[in-house]
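Working notes, structure below.
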Amino acid sequence: MAVISRTASAEKKAARGDAVVTLYARWLDFYHRQRRYFYLALAGLVVLLAGLIGYTYYQRHQEQQAQQLLSQVLPLYEQGKYREALDGTQDTQGLLAIARAYGGTDAGNLARFYAADALYQLGDYEQARALWAAFKTDDPMLAASALAGQAAVAENQGDRARAAELYRRAAERYANPVVAPQYLLQAGRNYEAAGNYTEAQKMYETLRTRYPESAQAAEAEIALARVAARATQAR
């Protein structure tokens, strides 16, 4: 019985060995037949990695350039020299050119924001609106400012309902106790001008409830009485 057991064990080991050899032989055969594709895939991976490294370096270089150019032109914007800031001078590149050339960078995107405000100050409302709409950021303060800028454009163009909606969104985007009450007040005023007294009342009540210590809270109280009277007359 012991001899039979040892023989069976030896046969199992031999069988396992044969299976391993067979599997290896099959893999080797598959590799030889498909190695061209392996090499192509490897080459593709190398090219992809090289491309990613190159793109990362390029983006970093672009960001640095955009930051440098933006720092040079911002003093003109801050001094209220909006046309020079937009178009640039002999020594500086303008905000519009920076936004076009480096729009994919953070600094180029910020140049777009400043350019929008400069255009608004000069009365070029439509181009200002387009640039504010194209401005993308995760910063709630800047995002709210861009919305408020678009709201101001809509207000100047007579679209009071659109202005009210944008001011409301700005207040929701950045619930700052200094800035949000101003947005809510503007939203209420524009809803009121558009004849939407229900929404106007909501804005004023939100302002009074959430920001009772703000400078705009007293105006909201007066506005609520005015809206109630107008709503009664409109019925």
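Just so it is clear, none of the values below were taken in a lab; they were calculated from the coordinates. Since the structure is predicted, the reported quantities are computational estimates derived from the model, not experimental observations. Neighbour counts are summed over all protein chains in view; Cβ atoms, including those assigned to glycine, are modelled from backbone coordinates with ideal geometry.
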Quiz item: Across all directions of projection, what mean area in square nanometres is found for the Cα convex hull of segment 88-235?
Solution: 9.6 nm²
Practice problem: Only Lys, Arg, Asp and Glu count, each charged at its Cβ (+1, +1, -1, -1), so figure out the dipole size of segment 137-235 about its Cα centre, rounded to 20 debye. | Solution: 340 debye
Quiz item: Out of segment 175-235, which GluC sites (Glu not before Pro) are coil in DSSP terms and have no more than 16 other C-beta atoms within 10 Å?
Solution: Glu213
Self-check item: Table column - 3J(HN,Hα) (Hz), segment 187-196, Karplus curve with 6.51, -1.76, 1.60, x for Gly and Pro
Solution: 4, x, 4, 6, 4, 4, 5, 7, x, 9
Exercise. Report the FRET efficiency, 1/(1 + (r/R0)^6), for Thr209 and Lys136, where r is their Cβ-Cβ distance and R0 is 25 Å, rounded to 0.05.
Key: 0.20
Quiz item: Using modelled amide H (1.01 Å from N, peptide plane; none on Pro or chain starts), what sits under 5 Å from the amide H of Gly88, excluding residues fewer than 5 places away?
Solution: Gly94, Leu95
